[in-house]
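In what follows, a single structure is set out as structure tokens and then discussed.
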Amino acid sequence: MAPLTKGILLYIATWSVIPLMDVAAKILGVSGYSIVEITWARFFFNALIVLPFLAVKQPRTFRMPKKPHWLAFGVVMQLIATYCYFTALKTMPIAEALAVYFAYPFLITAFAPLVLGEKVGIRRWSAVVVGFIGTLIILRPGAGTLPPGALYVLFGALCFAFYNLFARKLAGIAGAGEILGYQSLMGAFVLSLIVPFFWTMPDLFGLAL
């Protein structure tokens, strides 16, 4: 299988799973749990699942990364993106929030020349323009006030775009396991320092989500 085809299939598989996390985050948010606690759970339980697997299958994951500052920047971007997106989900319909959040591929294209040094042709720039027009149609900025959470989801999309750009930048330096492992570990560690100030003891249903 060609690498490009494999990448496309993995990307489709990823976005068939992520909406399940969105639903869980929205239910927890409207149930009164802090967004910090929900974001912590996303990284903490991710680490519990991913790190033992990587320790067995890819032990080299835990070596010191070659570009730790790039990795750290990517983790910070994903933390902020996740927090902003979960905040938006609390007040916006999932379909609307996700549609706006999907401005991030266009932001990736727009910033790719600056971050990755990649050339972007007229067809991709045209797609960026059309994509932003679609985002504006969803947000309807001229129809009064923006939907609740719109600024959060837009800023989250920007941060997620930079996370993806730096993940791509690391692709030739670190493996997928290394990126995922450090992302889970660093995210869980940082948020574990903060979450006690926002903690609500979950009931069984909340814990399951």
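At a glance:
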| read-out | value |
| --- | --- |
| Count of lysine pairs in the chain with Cα separation under 15 Å (8 or more residues apart, or interchain) | 4 |
| Shape category assigned to region 38-87 from the gyration tensor of Cα positions, a/c cut at 1.5 | oblate |
| Cβ-placed point charges (K, R +1; D, E -1), dipole of the chain about Cα centre in debye, nearest 20 | 720 |
| Cα-based Rg and Dmax for the chain, where Dmax is the largest Cα-Cα distance (Å) | 17.9, 54 |
| Local electrostatic count, L116, Cβ distance below 15 Å [Lys/Arg +1, Asp/Glu -1] | +4 |
| Accessible surface, per residue, of the chain when the full set of protein chains is kept, probe 1.4 Å, Å² | 57 |
| Cα pair count fraction exceeding 18 Å, expressed as % - region 115-208 | 71 |
| Within the accessible area of region 1-135 (1.4 Å probe), percent carbon and sulfur | 73 |
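The values are calculated or read from the model by the stated rules, or taken from the named source; none is laboratory data. Keep in mind it's a predicted model, so treat the numbers as computed, not measured. For neighbour counting, all protein chains shown are included, and Cβ atoms are generated from backbone atoms with ideal geometry for every residue, glycine included. Ligands, DNA and RNA are stripped out before the accessible areas are found, and what is left, the full protein with its side chains, is counted by its heavy atoms. Shrake-Rupley method; radii C 1.70, N 1.55, O 1.52, S 1.80 Å.
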